[in-house]
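A quick write-up on the structure given underneath.
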Amino acid sequence: MVTYLLGAGASAKALPLVGDDFKRRVEIFVQELRRINSYNNEMFSSDNLFVLILDQIKLHASPDTYAKKLFLLGKEWESNYYQFKNFLSCYIIWEQLNKKYLEQEKNQKGDSKIEKIFTTLDYRYDVLCAAIQEKSATLPKNFSLVTWNYDLQFERTLHQYEKPGIPLHQTFQGLVDDNKIYRLNGSAWFEYQDGEKIIYPFDNLLINDNDYLKLFCEIIKDEKSKYRNHLRFAWEKNEDSINKAQNSFVQSNSAVIIGYSFPYYNRSIDWQILSTFRGATKKNIYLQYPTEEEFHKIKDKLILMFASKLKWNEDTVLTQFNFIPIVNHDQFYIPDELL
C-alpha cells in the first residue's frame, strides 16, 4: 500500500501559496465581489464585510492562522468563524474557475495586480491519474491519498476520466466511499437542501459566469445557514478523517509526502497519523520538494518528531525509515510499489 500525504505545494501550479501572492489574489477576488455588488445598491454592508475579511487576511501569516484564532475565541465569535470559512471556501472555488475575463482586463488596462495564475488545474494530478489508472476513473487498490488541502484538484482531475454526464459531486463522493481520499481539513465545497433534493451549486466549475460571483456574495453573507460548507478544519475534532488516515498509514509500506511543511499547529495531528506508520519492516518515506535543502529540512523535522515522541535517538529512526529525496517539479513521484 502506498499513501500520499499532500500539502499546499501539491497544488502550487493552480493555486497560490500562502504569502504575498496569495494576499494579492484574495484582493482581486474581493475586487470582483465588490464589482458585482456595485449592481445592487442594497449590498454596501456586504462590501464592508469583504474588505474587513481582506484586512484580516493581510494582517495574519495565513488564513488558517486567522481561522484558528476565531475558533479559539469561542461562542461569541462563532458567526465570524463560519462566515470566514465560507469566504475562504468561495475564494478557493473561485481560483478553480475559468478566469479569462481577468486576462482580458489585464490586456486592456495592464493591471499589475492581476497575477500569473490562471490555470484551473495543476497538471501534475493529471499525470498521476493517467499513470496509475488501469480503468477509467478507477484507482488502484493499493493507493490512497491523505491531504491537508481543501481544494478540489484531485476530484476535478479524476472527474475528467468519468463518462460524460457524471456530476462532479458523484466523483467526489465515490472517492470517499472507496476510501481513496481522506481530507483532514474537509473541502471547499457547498451543498443545500431544496425540498427533498440536495443541490450542489458548484458541480460545474468550468463555466465563467458572473452568476458565480453573485452566489459567492450570497453564501458569504448567509445568515440563515442555508449552505452547508464541507470545509472543516482538523482542529474541529475531525476524528473520522484522522482515524481513516491513520488506518491508511497502518496498511502502507511506503509514504509519498509532497509539498507539506509540517507547520507547528498541525503537529499533534501529524503525529496521530504518522505514529501508525511503523512495523516490522523498514518503511520508505519519499519526500518530494523543490530543492535538496527543503528535503533535508523536512527530513530533520520528521526525525525529530519520531525521536521525541518515541524516545528514540536519530540512529534508531534511521533504522526504521528510508528517507528518499525526490526533487521533481514536473510530476508527482510514483514509486515502483504502486505500479
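The values are calculated or read from the model by the stated rules, or taken from the named source; none is laboratory data. Since the structure is predicted, the reported quantities are computational estimates derived from the model, not experimental observations. Quick reminder, even Gly has a Cβ in these numbers, built from the backbone with ideal geometry, and neighbours come from all protein chains shown.
With the condition kept exactly as written, say whether any residue in region 120-134 is part of a helix (DSSP H, G or I) and at pLDDT below 90. So far as region 120-134 goes, no, none of its residues is part of a helix (DSSP H, G or I) and at pLDDT below 90. Among the strands (runs of 3 or more DSSP E) confined to region 144-238, the ones with at least 2 residues that are closer than 24 Å to residue 9 by Cβ are located at 181-183, 186-194, 228-231. The condition of being modelled with pLDDT of 95 or more, farther than 25 Å from residue 176 by Cβ and among the hydrophobic types (A, V, I, L, M, F, W, C) holds for only one of 321, 249, that being 321.
Inside region 266-299, residues that are more than 12 Å from residue 249 (Cβ to Cβ) and loosely packed, with under 14 Cβ neighbours inside 10 Å make up a count of 9. Candidates in region 306-339 are the residues that are in contact with a Ser or Thr (Cβ under 8 Å, 6 or more places away or on another chain) and outside any helix (DSSP H, G or I); of these, the one that is farthest from residue 123 (Cα to Cα) is 335.
With respect to (1) more than 30 Å from residue 69 (Cβ to Cβ); (2) without any contact (Cβ under 8 Å) to a residue 12 or more places away in the chain, the lone exception for residue 294 is condition (1).
Considering region 63-112, and only residues there that are more than 19 Å from residue 233 (Cβ to Cβ) and of a type in the set (Lys, Arg), the residue that is modelled with the highest pLDDT turns out to be 99. Restricting region 182-204 to residues that are surrounded by fewer than 18 Cβ atoms within 10 Å (Cβ to Cβ) and within 27 Å of residue 144 (Cβ to Cβ), which is modelled with the lowest pLDDT? Top of the filtered list is 203. Taking residues in region 19-33 that are crowded, with 20+ Cβ neighbours inside 10 Å, and partners anywhere that are acidic (Asp, Glu), not one pair has Cβ atoms closer than 6 Å while being at least 6 places apart or on different chains.
Residue-by-condition table, conditions (1) under 27 Å from residue 158 (Cα atoms); (2) within 22 Å of the chain's Cα centre (by Cα):
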site	(1), (2)
263	no, yes
273	yes, yes
283	no, no
293	no, no
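Total residues in region 265-284 satisfying the condition of being of a type in the set (Val, Ile, Thr) and assigned to a loop (DSSP other than H, G, I, E, B): the figure is 2. Specify the residue that is surrounded by the most Cβ atoms within 10 Å (Cβ to Cβ); the eligible residues are those in region 52-77 that are small (Gly, Ala, Ser) and within 19 Å of residue 20 (Cβ to Cβ). Once the filter is applied, the top-ranked residue is 62.
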